[in-house]
Amino acid sequence: MTTVALIGATGHGMWHRRAIAALGDRVRLVALGDVRPVEDADVPVYADHRELLDRHSPEVVVVCTPPHTHLPIARDVLAAGADLLLEKPPVLSLDEHRALLAAVSASGRALQVGFQALGSPTLAALPARVGTVTSVALAGAWWRGDAYWKRSPWAGRSSVGGRPTMDGALCNPLAHGLMQALAIAGVRPPWTLELERYRTRDIDVEDTATLRLTGPGGTVVTAAVTLCSDEFVPGDLTVTGTAGTATVVYPQDRLDGEVLPGRVSLLENLLDHRADGTPLLVPLERTEPFTALAAAVMAAPAAVLLPRERLAPHPDGDGLAIPGIAGHVRAAAARGALFSEIGALP
Ligand SMILES: NC(=O)c1ccc[n+]([C@@H]2O[C@H](COP(=O)([O-])OP(=O)(O)OC[C@H]3O[C@@H](n4cnc5c(N)ncnc54)[C@H](O)[C@@H]3O)[C@@H](O)[C@H]2O)c1
């Protein structure tokens, strides 16, 4: 039985607590770490993660804290001799990426990044349907109301207490679709990035965006995303290749309308890696294109504030949405276009 600790125990950490519990006898949760009080904990809780590591020496640690805390906590976990499941986005820049890679290498431990869409069985099934990939387009239209943007100190922010952080539609909620698109396309920098970022509220990141990224070999990734939609588009990837086109709906493991069984849990994959050397699904190296793209998004000109007359109350309440944006998201993805090119947004 493998001993596990979770650092960052509320927020999305609640999901990890359930996932750890669901593994039954395979793991034993020994401690939680959180700077805030944790209710209903049945193991010791530590405000200082270093004390947790000292006292319990867990074999595996799940880190689910805000992005700007990832690098120092991940380094401490690896130095303590534990294997690590680190939530996405793993780090904020390519410098941090290199620093964390060095820490992994120096420790000899394993690091898995929590991009769970890379555990989807749709990925292995794609090459037979599409051949060599030439383009991937992501369409995602979600609703995140006012409460979402107040959920944490880093919500909607590009820095916290003077330290850069990473939120926004591209880098956080729709990050899984973006990571999956990059992995399917196989693009890496250097690339050409065209990007349009918008916001509907008092935040300093984008809640709506389009981007087009052209890799050195000509492969194109387009993304059209919003968190301001009154109609839901889960995150549809249209993958075009030399042998055809396929549609992947990444949150549902749906390939051309068929739900494929066999989603691999990233924590179980990490446990298998420890047990018998099964390859990690999401080693840090695989996430480098995402970090490069996210860093470019963070460094880009500020998101454009959409005028009030473009917005209307969401039918469910809790804030203003962009009427018709789901249609624009679908159209931009279908044409591989930016919102401005289809006349959807300025
Ligand atoms: N994989 C997914 O589907 C998914 C979904 C949501 C969030 N996330 C990721 O999970 C991470 C956490 O997101 P969240 O929305 O739960 O954030 P959050 O702001 O709610 O923070 C999570 C917890 O971390 C604690 N925390 C903050 N700083 C800490 C520190 N230095 N040491 C210990 N605990 C600390 C907070 O008190 C909180 O309980 C982020 O990286 C986010 O992108 C992933």
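The values are calculated or read from the model by the stated rules, or taken from the named source; none is laboratory data. Quantities reported herein were computed from a predicted structural model and do not represent experimental measurements. Note that we place each Cβ from the backbone using ideal geometry, even for glycine, and neighbour counts take in every protein chain shown. Areas reflect the complete protein model, heavy atoms only, side chains present, ligands, DNA and RNA absent. Shrake-Rupley method; radii C 1.70, N 1.55, O 1.52, S 1.80 Å.
In this simple spin-label approximation, MET14 and ARG26 carry label points 7 Å from Cα along the Cα→Cβ vector, and these lie 2.4 nm apart.
Over region 2-116, what is the mean sequence separation of C-alpha contacts under 8 Å (at least six apart), divided by residue count, expressed as relative contact order in percent? All intermediate terms of the calculation are to be shown ahead of the outcome.
Details: 203 pairs, mean separation 26.1, N = 115.
Relative contact order for region 2-116 comes out at 23 percent.
Highest-first packing order for the peptide set 264-271, 217-224 is 217-224, 264-271, based on the mean count of other beta carbon atoms within 10 Å.
Accessible surface computed residue by residue for region 2-116, with neighbouring protein chains in place and a 1.4 Å probe, gives 42 Å² per residue.
Taking all protein chains as present, what is the carbon and sulfur share of the accessible area of the chain, in % to the nearest whole number, probe 1.4 Å? Each step should come with its number before you reach the end.
Working: 7430 of 14080 Å².
Solvent-exposed carbon and sulfur of the chain make up 53 percent of the total.
State whether region 62-159 is rounded, prolate or oblate according to the following rule on the C-alpha gyration tensor (a ≥ b ≥ c being the square roots of its eigenvalues): a/c under 1.5 gives rounded; otherwise a/b larger than b/c gives prolate, and the remaining case gives oblate. Oblate, because a/c is 1.5 or more while a/b does not exceed b/c.
Of ARG50, ARG157, ARG188, which has the most accessible area with a 1.4 Å probe, and how do the rest follow in descending order? Walk me through the numbers before you get to the answer.
Values: ARG50 130, ARG157 70, ARG188 105 Å².
Descending accessible area places them as ARG50, ARG188, ARG157.
Kindly report the accessible area of region 295-346 per residue (heavy atoms of protein chains, probe 1.4 Å, no ligands, DNA or RNA), in Å². Kindly include the intermediate steps, with their values, before the conclusion.
Working: 2630 Å² over 52 residues.
Ligands and nucleic acids excluded, the figure is 51 Å² per residue.
Mind checking which of GLU206, GLU87, GLU39 has the largest fluctuation in a GNM of the chain, springs on alpha carbons under 10 Å? Checking each option, the largest mean-square fluctuation is seen for GLU39.
Close amide-amide hydrogen proximity is noted between VAL27 and THR2, each under 5 Å apart and 5 or more residues distant or on a separate chain (H modeled in the peptide plane; Pro and chain starts excluded). Averaged over residues, the count of other Cβ atoms within 10 Å places the peptides 177-185, 193-201 in the sequence 177-185, 193-201, highest first.
Suppose every K and R has +1 on its Cβ and every D and E has -1 on its Cβ; what is the size of the dipole of the chain about the Cα centre, in Debye to the nearest 20? Write out the running numbers ahead of the final one.
Numbers: 30 positive and 37 negative charges, 84 e Å.
Using Cβ point charges on Lys, Arg, Asp and Glu, the chain gives about 400 debye.
Please work out whether region 104-176 counts as rounded, prolate or oblate from its C-alpha gyration tensor, where a ≥ b ≥ c are the square roots of the eigenvalues and a/c under 1.5 means rounded, while otherwise a/b larger than b/c means prolate and anything else oblate? Since a/c reaches 1.5 but b/c is at least a/b, the shape of region 104-176 is classed as oblate.
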